[in-house]
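Structure first, then comments.
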Amino acid sequence: MSKSYNRREFLNTSIAAGLAVAVPANAYAKPQSANDKLNIAVIGTANQARFSIANVQSQNIVAVCDIDENYLAVAQKDFPAAMAFTDYRKMLELKNIDAVVIATPDHAHAPATILALDSGRHVYCEKPLTHTLYEARQVAELARKKKRVTQMGTQIHAGDNYRRVVEIIQSGAIGDIKEVHCWVGTTWSGKGRPVETPPVPANMHWDLWLNVAPDRPYNPTYHPARWRGWWDFGGGAMSDMACHHMDLPTWALDLQYPTSVEAEGPELNAECAPEWLIVHYEYPSRGKLPPVKLTWYNGGKRPSYFAEGKLPNWGDGTLFVGSKGMMLAGYGNYKLLPETDFAGYVPPAPTIANSIGHHAEWIEACKHGGPTTCNFDYSGRLTETVLLGNVSFRTGKKIEWDHKKMRAKGCPEADVFLKPNYRKEWVNKIG
């Protein structure tokens with residue numbers, strides 16, 4: 001991080017100050033041999049977390065944590081030998097945990113990850129890596145300092161199709177690429193803060209669900225899943241889906257940090273994410289690679305190429321526009337355009353090895369130190385870029401971005417959206 005906002009400042013101004021003392025910093029996980037099974041703890045046990053649990057259950061699931069005791073009961077039934085917790089801070093006091101899988105709402109990603117990393121555990125965390133940009137930078141730096149094995153849950157990165165697309169793009173098949181479009185039909189939004197304040201269900205620990213988010217009364221509209229539509233907990237469809245789709249051009253074109261970001265959408269709701277969003281990113285040249293303009297769309301918005309009849313029927317995906325042609329890509333397929341120009345095209349021989357599996361990469365790396373493809377250095381940068389789209393929308397301004405200082409030039413109103421706003425009364429309960 002920049003000297004203007006370093007780790008010490010972050011720790012002194014956020015929940016990390018409390019988190020850092022919750023588990024001894026020298027309580028590192030024991031070394032693993034390639035034949036050992038990891039002792040894994042999971043934070044979050046239902047919905048997306050079930051997918052991650054299914055992909056790591058070849059190891060020893062020694063602890064499970066969820067704020068919903070109904071979900072927790074199911075996990076206890078599946079893993080009767082695992083200890084059960086509703087508070088991950090207490091769970092992470094256990095000494096026998098080697099690695100942690102985090103699948104909570106976005107706002108709890110960084111607090112849980114910081115605790116796990118600071119106590120010496122390897123971490124797999126769902127996307128987006130964090131809820132704010134400063135958290136993403138902090139988490140990446142902490143993982144590097146602690147030399148822990150990390151992976152963000154952008155599972156499609158491990159798919160064969162993404163790898164073939166990257167190879168074709170990097171082979172120069174469609175020439176120099178200066179324009180990219182990524183879109184999804186997904187919408188996560190709300191209509192403002194609910195006015196009803198029903199009692200908290202007996203199975204739910206509401207204060208623990210809120211975690212570091214500002215206090216508010218319980219309402220069933222938030223849990224499960226729909227929390228994504230509220231700024232305090234998520235970031236709408238952009239936070240939900242952009243790490244998956246913008247991952248492809250970031251990887252294929254070696255994109256680093258954008259120099260500017262400008263968003264357009266409906267009228268701003270201070271409580272809730274928008275129903276649709278279009279975000280324009282500008283990236284500088286990288287060596288011999290030219291500058292790139294990347295546009296993100298969600299909520300039914302799509303590139304004008306579709307309305308102009310220049311593209312075939314296609315679902316969610318990515319369009320690369322090159323000097324020699326175009327390429328459409330989705331999770332499991334791709335198409336080179338115009339098709340007549342690429343009739344008989346033979347793709348280059350694979351140079352990127354097929355993945356053993358997104359979770360399996362992480363497990364193997366935890367055991368014997370191999371690489372992961374979406375470690376927190378890579379995924380932290382991707383998360384920062386994605387979250388900048390929401391920051392631009394919420395400020396209503398084009399952001400000229402200084403990634404080294406983590407500052408929106410001439411836009412001080414962006415600061416409140418860059419940094420976490422943890423509620424102090426929750427922090428004070430730590431340690």
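The values are calculated or read from the model by the stated rules, or taken from the named source; none is laboratory data. Fair warning: this is a prediction, and the values are worked out from it, not measured in the lab. Positions of Cβ are backbone-derived with ideal geometry, glycine not excepted, and every protein chain shown enters the neighbour counts. To get the accessible areas, we keep the full protein, side chains included, count just its heavy atoms, and leave off ligands, DNA and RNA. Shrake-Rupley method; radii C 1.70, N 1.55, O 1.52, S 1.80 Å.
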If I fit a long axis through the Cα atoms of helix 133-146 and take the longest principal axis of the Cα atoms of the chain, what angle between them do I get, 0 to 90°, rounded to 10? 70
Which ³J(HN,Hα) values in Hz, rounded to whole numbers, follow from the phi angles of region 247-252 under the Karplus curve 6.51 cos²θ - 1.76 cosθ + 1.60, where θ = phi - 60° and Gly and Pro get x? 4, 4, x, 4, 6, 5
With DSSP loop assignment and no more than 16 other C-beta atoms within 10 Å, the GluC sites (Glu not before Pro) in region 41-127 are Glu93
Starting from the Cα gyration tensor of region 277-431, take the square roots of the eigenvalues, sort them a ≥ b ≥ c, and report rounded, prolate or oblate (rounded when a/c is under 1.5, otherwise prolate if a/b is larger than b/c, else oblate). oblate
Per-residue accessible area for Leu336 at 1.4 Å probe radius, Å² rounded to 10? 20
Working from Cα positions, state the angle (0 to 90°, nearest 10) between the long axis of helix 376-395 and the longest principal axis of the chain. 80
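Using only the heavy atoms of the protein chains and a 1.4 Å probe, how would Phe51, Phe85 rank by accessible area, largest first? Kindly include the intermediate steps, with their values, before the conclusion.
Working: Phe51 95, Phe85 35 Å².
Largest to smallest exposure gives the sequence Phe51, Phe85.
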Listed residues Ala237, Ala108, Ala82, most fluctuating in the chain (Gaussian network, C-alpha, under 10 Å): Ala82
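Can you tell me what share of the DSSP beta bridges in the chain is antiparallel? A percent to the nearest 5 is fine. Please report the intermediate quantities before stating the final value.
On the way: 33 of 58 bridges.
Taking every DSSP beta bridge within the chain, about 55 percent pair in antiparallel fashion.
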Relative contact order (%) - the chain, alpha-carbon pairs under 8 angstrom, separation at least six: 22
Among (i) 55; (ii) 67; (iii) 61, the entry that matches percent of Cα pairs over 26 Å apart as calculated here: (i)
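In Å², what does the accessible area per residue of region 302-431 work out to with a 1.4 Å probe? Before the final figure, lay out each step's value.
Details: 6380 Å² over 130 residues.
That works out to 49 Å² per residue.
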Can you work out the Karplus-derived ³J(HN,Hα) for every residue in region 48-64? Use 6.51 cos²θ - 1.76 cosθ + 1.60 with θ = phi - 60°, whole Hz, and x for glycine or proline. 4, 4, 4, 5, 5, 4, 4, 8, 10, 6, 5, 8, 8, 7, 9, 7, 10
How much accessible area does Glu262 have with a 1.4 Å probe, in Å² rounded to the nearest 10? 80
As I understand it, the value is the acute angle between the Cα axis of helix 236-245 and the longest principal axis of the Cα atoms of the chain; what does it come to in degrees, rounded to 10? 60
Comparing Thr373, Thr351, Thr318 in a Gaussian network model of the chain (Cα, 10 Å), the one with the largest mean-square fluctuation is Thr351
Here the gain from full extension of Lys95 to Lys77, 0.36 nm per residue of separation minus their alpha-carbon distance, amounts to 4.2 nm
In whole Hz, with x marking every Gly and Pro, tabulate ³J(HN,Hα) for region 196-202 from phi via Karplus 6.51 cos²θ - 1.76 cosθ + 1.60, θ = phi - 60°. 6, 10, x, x, 5, x, 4
Could you give the accessible area per residue of region 76-218, probe 1.4 Å, as a whole number in Å²? 34
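Given a 1.4 Å probe and every protein chain left where it sits, what share in percent of the accessible area of region 326-416 is carbon and sulfur? Working shown, then result.
On the way: 2300 of 4160 Å².
Accessible surface attributable to carbon and sulfur in region 326-416 totals 55 percent.
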Going by accessible area, probe 1.4 Å, with all protein chains left in place, what is the ranking of His245, His280, His368, His131, largest first? His368, His280, His131, His245
